[in-house]
Amino acid sequence: MDINQLEAFSAVMTIGSVTGAGRSLGRSQPAVSKAIQELESELGYPLFDRNGPRVTPTDKAFLLYEEVERSLVGLRTIRSRAEEIGRGEPQPLHLVATPALASTIAPAALRLVQDQLPAHVQLRSASAEQVVYAVLHRTVNLGLTSLPVAHRGLELHWVGQAPCVAVLRADHPLAALATLSLEDLRSQPLITMSNRYRLRQRIDMALAQDKPLAVSIETNTSLNAMMAAHAGLGIALVEPMTALGMPIEGVAIRALAVNIPFYFGVVTPFGKPVDHLTAALIDAVEAASKTILPGFVKRAAGAHDELL
């Protein structure tokens, strides 16, 4: 398989039609169809069910798509860097972070080192697993991710810790309280994260001290949970970055009487020397965290296993 086939596949998956994919890629519809057919022939299974110009991805196509997109991102990065080298431009900065960190801590940190930044900066949000993948494959300078992150091939520089918070409508009766206890939450529908191997696990452990609380809505981002709370669907229990770094009008943010720590880490590829800019950015992430997050604590990387 070659990059033309993979780009054709990715475009059809994204747009939903071969004709639209051809327009997006600047190719003819027959050329895109041929690329897809050649890829299917090489793989030995169909990627799309066809109905005229529109297509429906097969189950196997969805499984393949994520891998193809990761590979294309890496290839595009290589292509872009090769062109920059040819033009004599300095190396760009590539930063990847989970959505909560990419939308709050990362921009604040970049602002602190703004006078040192190259002409081109790429800030990309991704799942924690995708952040790890990007750092392991050395397509980024720095990754910011929630913990755990114990993979070989990663250099964990330090661990950040800050307490989770509750988010509720400003006109909710419990908004009159400065701190919400387990008893306050027990009669309320709760909204929280769905990934049981990260923050959700600590939320469940903290809230089930005597009997489980009622979680009515699960979601994959804190912003979704906060907007659900804004809609009056319950009280959101979320990490503090999004709640404090992206305030939403009409909601109240309250401390929790029970401590639910949110842990995040700063990672680079293991064994790769950290350049001056990346080192400055790592320090800037710490400074931004102290500014945005009340109760922020910086812990040594060696504390990772004990904390989790």
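The values are calculated or read from the model by the stated rules, or taken from the named source; none is laboratory data. Keep in mind it's a predicted model, so treat the numbers as computed, not measured. All Cβ positions, even for glycine, are placed from backbone atoms using ideal geometry, and neighbour counts span all protein chains on display. Heavy atoms of the whole protein, side chains included, go into the accessibility calculation; ligands, DNA and RNA do not. Shrake-Rupley method; radii C 1.70, N 1.55, O 1.52, S 1.80 Å.
Tell me, what % of the accessible area of the range 1-59 is carbon and sulfur with a 1.4 angstrom probe? Before the final figure, lay out each step's value.
Details: 1530 of 3210 Å².
Looking at the range 1-59 in its full context, I get 48 percent from C and S.
Specify, per residue and in Å³, the volume enclosed by the convex hull of the alpha carbon atoms belonging to the range 1-160.
Working: hull volume 24.3 nm³, N = 160.
Taking the convex hull of the Cα positions in the range 1-160, it is 152 Å³ per residue.
What 222 nm value per residue comes from the helices of the chain, counting each DSSP H run with n ≥ 4 as -39,500 (n - 2.57) and dividing by all residues, nearest 500 deg cm²/dmol?
Calculated mean residue ellipticity at 222 nm is -13000 deg cm²/dmol.
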Could you work out how far the C-alpha centroid of the range 248-308 sits from that of the range 143-183, in angstrom? 10 Å
Does the range 211-308 come out rounded, prolate or oblate, given a ≥ b ≥ c as the square roots of the eigenvalues of its C-alpha gyration tensor, rounded meaning a/c under 1.5 and, failing that, prolate meaning a/b above b/c? prolate
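Rounded, prolate or oblate: which fits the range 1-92, taking a ≥ b ≥ c as square roots of the Cα gyration tensor eigenvalues, rounded meaning a/c under 1.5, else prolate when a/b beats b/c? Present the calculation step by step, with values, prior to reporting the outcome.
Working: a/c = 2.53, a/b = 1.90, b/c = 1.33.
Verdict is prolate for the range 1-92.
Can you give the FRET efficiency for residue 308 and residue 255, using 1/(1 + (r/R0)^6), R0 = 22 Å, r = Cβ-Cβ distance, to the nearest 0.05?
Values: r = 23 Å, r/R0 = 1.03.
Calculated value: 0.45.
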Of all beta bridges DSSP finds with both residues in the chain, what is the antiparallel percent, to the nearest 5? 65 percent
Quick one: plug the Kirkwood hydrodynamic radius of the range 116-227 (C-alpha pairs) into Stokes-Einstein at 37 °C, 0.692 mPa s, and report D in µm²/s. 195 µm²/s
Could you work out what % of the accessible surface of the range 151-219 is carbon and sulfur, using a 1.4 angstrom probe and leaving DNA, RNA and ligands out of the count? 53 percent
Exposed chymotrypsin sites (Phe, Trp or Tyr not before Pro) being those in a DSSP loop with at most 15 other Cβ atoms within 10 Å, the longest stretch of the chain free of them is 1-196
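Compute the orientation-averaged projected area for the range 141-292 from the convex hull of its Cα atoms and round it to one decimal in nm². The partial results should precede the final answer.
Numbers: hull surface 38.0 nm².
So the mean shadow area of the Cα hull is 9.5 nm².
Just to verify a number: FRET efficiency for residue 214 and residue 244, C-beta to C-beta distance, R0 = 25 Å, to 0.05?
With a Förster radius of 25 Å, E is 0.45.
Let me check something: with ligands and nucleic acids excluded, how do 277, 177, 72 order by accessible area (1.4 Å probe), largest to smallest? Don't skip to the answer; put the middle values down first.
On the way: 277 35, 177 70, 72 0 Å².
Output order, biggest surface exposure first: 177, 277, 72.
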List the trypsin sites (Lys or Arg not before Pro) within the range 1-88 that DSSP assigns to loop and that have no more than 14 neighbouring Cβ atoms inside 10 Å. 87
The helix 276-292 Cα axis meets the longest alpha-carbon principal axis of the chain at an angle in degrees, between 0 and 90 and rounded to 10, of 40 degrees
Using a/c under 1.5 as the rounded threshold, could you call the chain rounded, prolate or oblate? The axes a ≥ b ≥ c are square roots of the C-alpha gyration tensor eigenvalues, and prolate needs a/b larger than b/c, oblate otherwise. oblate
What trypsin sites (Lys or Arg not before Pro) in the range 126-191 are in a loop by DSSP, with at most 11 other Cβ atoms within 10 Å of the Cβ? 152
With a 1.4 Å probe and every protein chain left in place, work out the accessible area per residue of the chain in Å², rounded to a whole number. 49 Å²
With label points set 7 Å from each Cα along the Cα-to-Cβ direction at residue 123 and residue 200, the distance between them in nm comes to 2.8 nm
For the range 174-240, diffusion coefficient by Stokes-Einstein and Kirkwood Rh (Cα), 10 °C, 1.306 mPa s, µm²/s: 131 µm²/s
Could you report the accessible area of residue 304 in Å², rounded to 10, computed with a 1.4 Å probe on the protein chains as they sit in the structure? 20 Å²
